[in-house]
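Values in this text are rule-based calculations from the coordinates and carry no lab data. Since we're looking at a predicted model, the values are computed, not measured. Every residue, glycine as well, gets a Cβ built from its backbone with ideal geometry; the counts of neighbours run over all protein chains shown.
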Amino acid sequence: MQIRSNKLAGLLLLSFAGSAAAHDSVTPAGDRLAVSGGFGLMSLHADDRYPAARLPGVLEAGSPRADERRDGLDYAEIALRARFTEQLRGFLKVAHHGGRDARNETEEAWLDGRTEMGHDQQLALRAGRQLLPLGLLNPIHMHAWDFGIAPLALRGAINESWRADGFNLNWQLPAGWSAGAGAWRNQGFPGADAGGLKLLTARAGWKNEALQLEAGYANVNADGRALVTTGNAGHTHSVPSCTRITTDRVCFFGTAQLLSLAARWTPVGSPLWLGAEWWFKREDGRLDSINGAPDYTGKLNGGWLDLGWRFAPGWEAIGRAERTLARHDLAGTNAGLVATQSGIADSDRALRSIGAVVQWRPAGGHRLAAEWHQERSGDATNSIYLLRYQYAFVKGLF
């Protein structure tokens, strides 16, 4: 249910009267069980509908995105974190998301076991639902991102955020090095709703006091990934079946491979920091539609650059510049018709965006953020304005 802007302001004032609490959800020292939670309010406006129903020139999946311009509840969440022993921990997090696609989700549910291997080495295995360890942004929950608007490259590559059920092995090595591998039952874009561990990931990273580097790779089976064609008016929650031919769907059968590179430089003692992330996706297979089933190869190449400035205690300003480009090759009967039906016929223009956010943390658990973005595709531009308030708490139970 939407909330009028004046009601939103009143909720902000009431929330500031609440008790302060820690922002993150780590288990307090000495506690074996802790509860954490919070909520977020938002006011999102734009010159044109936002987000775009389809990202121009990008092969997406599912139904067109709903217009999220509104005032009201962004999310409400609660989580339990348990420390069974020093080597075994567990986490469960559920959330309600507001808006036109209002829904309840189990966002994370995992057990984590670890063992010391000597010589500054540690081996950890995490099993359950978790965010995929790709890049530096995706392993962070979206509610905790500095920007409330997801980068264009992330929407085109993984539909903004990617989580799955599976197993993730991580190895901490001496001198700041780390490596990991995972096997997952993926149920969404850029893969498909398929049984079995058909998604494999690998990562390597290094960090010291000032610099963090991360590289990630994923290979996912995407047989039967359905797209509601862009010719459909409006938004629907249904996803068409790939087991039969219909006029309103295109299905991708093949594999998707992704590569991510990320870096963050935070000079010691400096109020400035610099971050960058780049994503590449290649898809190989065929597109199946009522018009034909041509062979398909698609490439998406994009990333963003952030510059942050902590100019006063509790205050931070961040600027972001983005560029993403998708290219597609189809060969076979009616390839042009299938490309048009899929919304990828005109994909030779880069998607660009610039944005800025100013955020303020007046006390533990409270955050206010105001941001602006201007997205450009060809000659079309859209300015987006977002105001967010978030409150988070964590409390040890015993």
Study note, to complete from the structure: Length gained if residue 329 through residue 122 is fully extended, taking 0.36 nm per residue and subtracting the Cα-Cα distance, is 70.1 nm
Point to revise | Lys, Arg +1 and Asp, Glu -1 on Cβ, resulting dipole of segment 116-171 about Cα centre, debye, nearest 20 | key: 220 debye
Exercise for review: Please arrange 394, 250 by counting, for each residue, the other beta carbons lying within 10 Å of its beta carbon, fewest first.
Suggested key: 394, 250
Practice item. Can you check what the net charge comes to around residue 337, using other residues whose Cβ is under 15 Å from the Cβ of residue 337 (Lys, Arg +1; Asp, Glu -1)? Key: -2
Study note, to complete from the structure: Note on segment 153-222: C-alpha Rg/Rh, Kirkwood Rh, two decimals, gives 1.05
Practice item. Taking just the C-alpha trace of segment 250-388, give me its Rg and Dmax in Å. Key: 20.2, 62
Study note, to complete from the structure: The computed P(r) of segment 104-189 puts the percent of Cα pairs beyond 22 Å at 35 percent
Exercise for review: Quick one: what are the phi-derived ³J(HN,Hα) couplings along segment 192-205, Karplus 6.51/-1.76/1.60 with θ = phi - 60°, whole Hz, x for glycine and proline?
Suggested key: 9, 7, 10, x, x, 7, 9, 10, 10, 10, 8, 8, 8, x
Study note, to complete from the structure: Ordered by fewest other Cβ atoms within 10 Å, a rough proxy for footprinting exposure, 147, 398, 393 read 398, 393, 147
Point to revise | Listed candidates [x] 65, 55, 37; [y] 82, 41, 33; [z] 69, 45, 41 - label of the one calculated as Cα extents along the principal axes in Å | key: [x]
**Study point:** Bins of 10 Å, starting at 0 and running to the largest distance - Cα pair percent for segment 132-180
**Key:** 21, 46, 27, 5
Study note, to complete from the structure: In degrees rounded to 10, the 0-90 angle between helix 5-16 Cα long axis and the longest Cα principal axis of the chain is 30 degrees
**Study point:** Gyration tensor verdict on segment 43-188 (Cα atoms; rounded if a/c is under 1.5, prolate if a/b is larger than b/c, oblate otherwise)
**Key:** prolate
Review point. Could you list, bin by bin from short to long, the percent of Cα-Cα pairs of segment 287-368 in 10 Å steps?
Key: 16, 28, 19, 15, 15, 8, 0
Check your understanding: Percent relative contact order of the chain, based on C-alpha pairs within less than 8 angstrom and at least six residues apart?
Key -> 18 percent
Point to revise | Semi-axis lengths, Å, segment 134-256, gyration tensor of Cα atoms, sqrt of 5 times eigenvalues | key: 33, 18, 10
Review point. Among 204-212, 107-115, how do they line up from the highest to the lowest mean number of other beta-carbon atoms within 10 Å?
Key: 107-115, 204-212
